[in-house]
Amino acid sequence: MTTSWNYPDPALQDELKKIAEAIVAPGKGILAADESVSTMGKRLQDIGLENTDDNRRKYRQLLFTTCPIIGDYISGVILFNETVYQKTDDGTPFIECLKKRGIIPGIKVDTGVVPLFGSNDECTTQGLDDMAKRCAQYKKDGCHFAKWRCVLKIKSNTPSIQALIENANVLARYASICQAARIVPIVEPEILPDGDHDLQVCQKTTETVLAYVYKALYDHNIYLEGTLLKPNMVTAGQGCPNKATPEQVAAATVTAFQRRVPVAVPGVTFLSGGQSEEEATVNLNAMNQYPGKRPWTLTFSYGRALQASVLRAWAGKDENVKAGQDELLKRAKANSDAALGKYVPGSIESKAGDTGLFVKNHAY
Ligand code: 13P
């Protein structure tokens, strides 16, 4: 019978809900630092550094040893597998550095995007096979939430039904494995900003994608109170001549969510998706000033929009570590203010503030 399923036991519900709620506590959000080895390599190359284990470690050390006040703004950090097991120069595990700052460690568990055969350049995401085992180990090692990124593309005939169904289902299956391992799944169906589509096309596509995702989460008995959503903001495509204002982005995004995201979901943690640091902050702020109903916390889970200035200030030099950390603190504070709808546009300057961070067909 279709109405026969089991809720997680009360202790598991309680644990998942508490983790999810702590991540989206007022004025807090996530630092996405889970770049794969190859993506991190590109970031390091931009500042003239080789993509070695130790250079990646040094960069993550800079992030995770930032002044403890960072914990007032950042509630969670998403890590990449190798980073979970790395240590600072003095031998402190990174996970301990985060815990000391009151930051919850999280882990990227997907193993990347692969093409969907027969589709028009669409994709799905893989990594389910040994995920239960990996999740059990990550939980023991101190990770309490996870991320899995699916990618959807706006073109004249996409997303296709094939991509909509497949990506929703794989996200649901991932969420189910996470919850069984006492890990909060961040469900990330990212619609890429590539294309010249306008704001309305992005809104409709977002509504469609979210409808498929929440139906699949329902089909897989996911406990929504113990999940978070990590979507794109609704924006016009990168190539669209009509850029939307922050107020238009906020109205389109919140309207799409009102229609498609259940109230039981505690929070929405946006990706920055190639927006400049300041743009991502100002749009989040506008979202939190939007006059309509907003029953979920709306906050950030930014990668590029929290790290561009840090990388620029650090430039791979030991003497610039503090300068890099100061940039992280500035952007984290700006986004914390935006999560409360209290950011004054332009009030916090940073090294890469207005630089566009768009990457074509972005891989993480
Ligand atoms: P950006 O904020 O750089 O888009 O990335 C966030 C992320 O985690 C994508 O999966």
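Scattering from the C-alpha atoms of region 179-235 alone, worked out with Debye: what is log10 I(q)/I(0) at q = 0.14, 0.15, 0.24, 0.31 1/Å? Summing over Cα pairs of region 179-235 leads to -0.44, -0.50, -0.96, -1.31.
From largest to smallest, what semi-axes in whole angstrom does region 34-91 give when each is the square root of 5 times an eigenvalue of its alpha carbon gyration tensor?
20, 13, 12
Residue by residue, region 184-197 carries 3J(HN,Hα) couplings of 7, x, 8, 8, 10, x, 8, 8, 5, x, 4, x, 10, 5 Hz when phi is fed to the Karplus relation 6.51 cos²θ - 1.76 cosθ + 1.60 (θ = phi - 60°); x denotes Gly or Pro. With both residues required to sit in the chain, DSSP beta bridges show an antiparallel share near 15%.
Under the definition of Cα pairs under 8 Å and six or more residues apart, what whole-number percent is the relative contact order of the chain? The partial results should precede the final answer.
Values: 743 pairs, mean separation 68.1, N = 364.
For the chain, the relative contact order is 19 percent.
Alpha-carbon geometry of region 243-313: the Rg and the Dmax are 12.9, 41 Å, given in that order.
Would you mind giving the three semi-axes, in whole Å and largest first, of the ellipsoid equivalent to region 1-119 according to its Cα gyration tensor? Present the calculation step by step, with values, prior to reporting the outcome.
Working: eigenvalues 183, 108, 31 Å².
Sorted largest first and rounded, they come to 30, 23, 12 Å.
Suppose R0 equals 22 Å. What FRET efficiency, 1/(1 + (r/R0)^6) with r the Cβ-Cβ distance, do Asp90 and Glu319 give to the nearest 0.05? Efficiency, rounded to the nearest 0.05: 0.75. Karplus-derived 3J(HN,Hα) values for region 274-287, using 6.51 cos²θ - 1.76 cosθ + 1.60 with θ = phi - 60°, are x, 5, 5, 4, 5, 4, 4, 6, 5, 5, 5, 4, 4, 4 Hz; glycine and proline are entered as x.
Measuring between alpha carbons in the structure, the pairs from Lys147/Lys360; Lys17/Lys342; Lys100/Lys342; Lys100/Lys351; Lys28/Lys100 lying more than 18 angstrom apart are Lys147/Lys360; Lys17/Lys342; Lys100/Lys342; Lys100/Lys351. Couplings 3J(HN,Hα) for region 7-22, derived from phi with the Karplus relation 6.51 cos²θ - 1.76 cosθ + 1.60 (θ = phi - 60°), are 6, x, 5, x, 5, 5, 4, 4, 5, 5, 5, 5, 5, 4, 5, 5 Hz, where x marks Gly and Pro.
How large is Rg/Rh for region 148-288, to two decimals, with Cα atoms and a Kirkwood Rh?
Numbers: Rg = 14.6 Å, Rh = 15.2 Å.
Ratio of gyration radius to Kirkwood radius: 0.96.
For Cys150, the residues whose modelled amide H falls within less than 5 Å of its own, excluding neighbours fewer than 5 places apart on the same chain, are Glu188, Glu190.
Using helices alone, I'd like the mean residue ellipticity at 222 nm for the chain: each DSSP H run of four-plus residues gives -39500 (n - 2.57), total over residue count, nearest 500.
Numbers: 12 runs with 154 residues, N = 364.
So the calculated ellipticity at 222 nm is -13500 deg cm²/dmol.
Amide H contacts under 5 Å for Val234: Thr253, restricted to partners 5 or more places along the chain or on a different chain, H placed in the peptide plane at 1.01 Å from N. Reported value for the chain: 132 Å³ per residue, from the convex hull of its C-alpha atoms.
Quick one: check the C-alpha center-to-center distance for region 288-364 versus region 104-137, whole angstrom. Result: 26 Å between the Cα centres.
What number does region 6-58 give for Rg over Rh if you use C-alpha atoms and the Kirkwood radius?
On the way: Rg = 18.2 Å, Rh = 14.2 Å.
When Rh is taken as the Kirkwood radius, the ratio is 1.28.
For Ser276, the residues whose modelled amide H falls within less than 5 Å of its own, excluding neighbours fewer than 5 places apart on the same chain, are Leu357. Would you kindly give the portion of the calculated P(r) for region 222-340 that falls above 18 Å, as a percent of all Cα pairs? Pairs farther apart than 18 Å: 54 percent.
If you wrap the tightest convex hull around every Cα atom of region 144-195 and split its volume per residue, you get 44 Å³. The order of His220, His144, going from fewest to most other C-beta atoms within 10 Å of their C-beta, is His220, His144.
Semi-axes of the equivalent ellipsoid of region 84-157 are 34, 14, 10 Å, computed as sqrt(5λ) over the eigenvalues of the C-alpha gyration tensor in descending order. Dimensions of region 257-297 along the principal axes, based on C-alpha atoms and rounded to the nearest Å, stand at 30, 20, 15, largest first. The fewest-to-most ranking of Thr88, Thr297 by surrounding Cβ atoms within 10 Å reads Thr88, Thr297.
Quarter the surface of the alpha carbon convex hull of region 278-352 and you get the mean projected area, 4.8 square nanometres.
Each reported figure results from applying straightforward, stated rules to the coordinates on display, with no laboratory input. What you are looking at is a predicted structure, and each value in this text was computed from that prediction instead of being measured. All Cβ positions, even for glycine, are placed from backbone atoms using ideal geometry, and neighbour counts span all protein chains on display.
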